[in-house]
1. Can you list the helices (runs of 4 or more DSSP H) lying wholly within region 449-519 that have 3 or more residues being within 22 Å of the chain's Cα centre (by Cα) and not charged (D, E, K, R)?
2. Within region 744-771, how many residues turn out to be farther than 12 Å from residue 667 by Cα, touching a strand residue (DSSP E or B) at 6+ places or on another chain (Cβ under 8 Å) and either hydrophobic (A, V, I, L, M, F, W, C) or surrounded by fewer than 22 Cβ atoms within 10 Å (Cβ to Cβ) (or both)?
3. When the residues of region 678-705 are filtered to those that are in a loop (DSSP other than H, G, I, E, B) and hydroxyl-bearing (Ser, Thr, Tyr), which remaining residue is surrounded by the fewest Cβ atoms within 10 Å (Cβ to Cβ)?
4. Given the residues 567, 563, 544, which is the only one that is touching a strand residue (DSSP E or B) at 6+ places or on another chain (Cβ under 8 Å), under 30 Å from residue 706 (Cβ atoms) and among the aliphatic types (A, V, I, L, M)?
5. Answer yes or no: is there a residue in region 327-338 that is outside the structural domain of residue 581 (by TED's automatic domain parsing) and of a type in the set (D, E, K, R).
6. Kindly list the number of the only condition in (1) part of a loop (DSSP other than H, G, I, E, B); (2) without any contact (Cβ under 8 Å) to a residue 40 or more places away in the chain that fails for residue 163.
7. For region 540-567, how many residues are assigned to a helix (DSSP H, G or I) and either crowded, with 21+ Cβ neighbours inside 10 Å or within 17 Å of the chain's Cα centre (by Cα) (or both)?
8. Scanning region 208-227 for residues that are farther than 22 Å from residue 362 by Cβ and of a type in the set (A, V, I, L, M, F, W, C), which turns out surrounded by the most Cβ atoms within 10 Å (Cβ to Cβ)?
Amino acid sequence: MRVMVGRTAVDVADGATVLEAVRASGVDLPSLCHDDRLSPRGSCRTCLVRAASRIVASCTTPAAEGMHVELDDPAAQQAAKAAVELMVSELPARALEIPAERSELVRACTYFGITAGSFAGAGHDRGTDHSHPYVKLDRDLCIACGRCVAMCAEVQGTFALELTGRGFDTVVAAGDGGPWVSSPCVGCGGCVDSCPTGALSEPGLLDLTPITTTTTTTCGYCGVGCTLDVHTRDGTIAAITPTHGAPVNRGHACIKGRFAHTFTRADDRLIAPLVRRDGHLVETSWQEALTEVARRLAGIRDRHGPDSIAMISSARATNEENYLAQKFVRTVIGTNNIDNCSRLCHAPSAAGLTASFGLAGGTNPLDDLDRADCVLLAGANPTEAHPVVGARIKQQVLAGARLVVIDPRRTELAALADVHLQARPGSNVAVFNALAHQLIEDDLLAHDFLTERTTGLDDLTDLLQDYAPGTVANLADVRSADLIDAARTFGRAEHPVIIYGLGVTEHAHGTDGVRTLANLAILRGAVGTPGCCGILPLRGQNNVQGASDMGALPDVLPGYQPVTDPVLRDRFGAAWGRPVPERPGLRIPQMFDAAITGEVRALHVIGEDIAASDPNAGHVRAALQASELVVCHELFRSQTAEHADVVLPAASFLEKDGTFVNFDRRFQRVRPALAPPGSAATDFDILNRLASAMGADLGLPEPADAMAECASLTAVFAGISHERLDAEGPLHWPCRASDEPGEAVLHLNGFATPDGRAALAARPYLPPGEQPDAQFPHLLVTGRRLVHYNTGSMTRRTDNTALVPAETLEIHPADAAQLGVAEGAAVTITSRRGRTTLTAHLSRDVVPGQVFAAFHFPDAALNDLTSHHTDTVTGCPEYKVTAVRVQPAGQQPSASSIEADRPSPSPSDTGTVDIAGSRSGDR
């Protein structure tokens, strides 16, 4: 519709407000209580205008066709100016000393020509609260606009803030009014970002020195892919704020992306290469370091063959760096021995989604969550591991969507769920099959879709006869009524969405878990159809999707093109000028086995602390010690670096140029906001320089060149380039041409399987690799904490440690009482492979017989405990099921309780196990 703002005609969408029309005309009208991300409030009266012959608050008044808005109406201007002057009269002088770009109040005063208040009266003297490491409250600058309260409630969904007091004494408070740091605040920074006066600020903005540069980039923590504005002052980060209007995070962020950036200038940041001399790592020059790596790699290759070298690329690195890494390994070294840490988390997603639908990615964009009327959340705790997605799910549930959570632990979202299936770890396949059984039993099926676009229904129906809810309830330790309720809640929804995480994939039968979860979406026609909301895997690290997309895998080239296809090999070989090896390479677990046996002599690790993050860590350390050469690229002297012969100082995501692919398949730009410290370099530069030292030229001097070459060889990325991303913003793959927008929703025109149909999978339940027994009676489940990330190498070098300084073991009070363990007591956790000691935290979020801990701290060596069992299809480790014994720290276990690290046959080695536990023949 068309609105006249002064003498300017503007076109705005139906439902737009007068304020939106005014801003569309180019006028930045003050609106101190308004934030585009929030419901309009209309309380501050600073956006008054005359519209349709009335003085109105423009933020709450709907625009209408032909409406005339007068910005210079004297009565409206006088009333709005008076409202601002009244606010200013209550504030200290420093309120107007804040730089205008950081204070809407200062900009409002400039707009109205206010230099001092026209009202006289008492001023505030309410003091400050600087207890929180990031959120700083100056109560005397609070104008009680309520924006911070609304941000916490409507966007974050934490409800930690409120306005307290009356009249003149009204001020924001967190929790019960005690210190901010003790409140339920999750540190997302939304309140800081929205505050119009500086009453809520952060350490980098307490300094009033002007910001010199702002760089828009993509967050390098989890796989959500938040767009961030990095504000620098004198070459250091002053603050990071979420980019307003960004498609994924919509102006929101979490405590890690927003505040955990001081690691970039940590005192122990690596700034020069290290080489091992006489058993010690010492600094050296790049020339010496690269010459040594090149000489030793070439020698090992020439003596033992190219397959004696293996590289672990990085889900933390850019797409361009991963593309260069796999090209380096395949052309300079001559092997397919390259893998990345998606092997340890979402390899079952790639295999399972490809088998079910034909492509190794989630089917829908996160935006489709907005219309979901039911969320089935399985094996994921997004409010801690993917906080922006967790907040979006909370918003949808608070707006009326139903929520089914399948998780052995009671998470924040489980507490909000309509149904929480607190199923035994390792029972996913049985639970998903029980839900499918009930969908069929109640005829909650998309019959036309199943007939026209799927295969495998008859086989699945036959299998599911053994998975009635009553049968599965006993196996999974859940109520059959809850299984039925969960199935009906999901099955009766018109727009259900499935969101899942590592609690589905990190199992001995993780691929089966993905397949049987995908069955539920297929049975309901919730994928590949107009209006569907699909199935979304939450990727753990920032570029897990992209690292695999770029071909940093042993059996596929970029775009998941099989390396065994001679036509594809010839195509890539012609472009690269070197033949592509035809035999698939080793997966990460196989690399470690081969290093111990001497088949692999050199391990080249990019940006992964495998000695800390990989399972059965003693086995990993043995592989590193057995290797003739270990090279790693790192920010710090990690546990892996301590085993290395050469350590190359790498750049962080805040110092890189390139792209990431987030969990819903969006290519997004990464731009350097800082220069790397000292002589640290990007992985892209390191690989190019190493290739040169080995007498090779990879032919890709800049990251944009790598993306262009990848696009030229990979049809699903053909339309993607740095130039286009800079001009248009993020693009979903598949994007097959430069004039195509990319496919945000997959499979609308057919599935990418060989027959064009979605494949239902009849997969029986198989037991996990480990079961509790008399010696190891508890099950250990691992996961993440909100304020830390993976091995903690970045977050532990920030003030996040003030919020969570150490790891604890969550144990049910009943188990603690039986063991004689009190809150805060030291406990020893022992598995068949190792032991570690943690502090006990009594919690009813876990059930008796299970314990939970995260792996962010080196002294909490959880991965010394986790097992060698892996997914039978992909080799993904079984992090989520480890049999352990818990006892007070003073009671030492016998040495015989820790077995040598040796693979043992699992039931899947010789056959399947049916639902009753009896062995049957191979299928």
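The values are calculated or read from the model by the stated rules, or taken from the named source; none is laboratory data. Owing to the predicted nature of the structure, the values given are computational and were not obtained by experimental measurement. Cβ sites come from the backbone with ideal geometry, for glycine too, and all protein chains shown count toward neighbours.
1. 502-505
2. Looking only at that region, the number is 11.
3. Among those residues, the one meeting the criterion is 679.
4. 563
5. Looking for residues that are outside the structural domain of residue 581 (by TED's automatic domain parsing) and of a type in the set (D, E, K, R), one finds none in region 327-338, hence no.
6. For residue 163, the failing item is (1).
7. Number satisfying all stated conditions: 6.
8. 211
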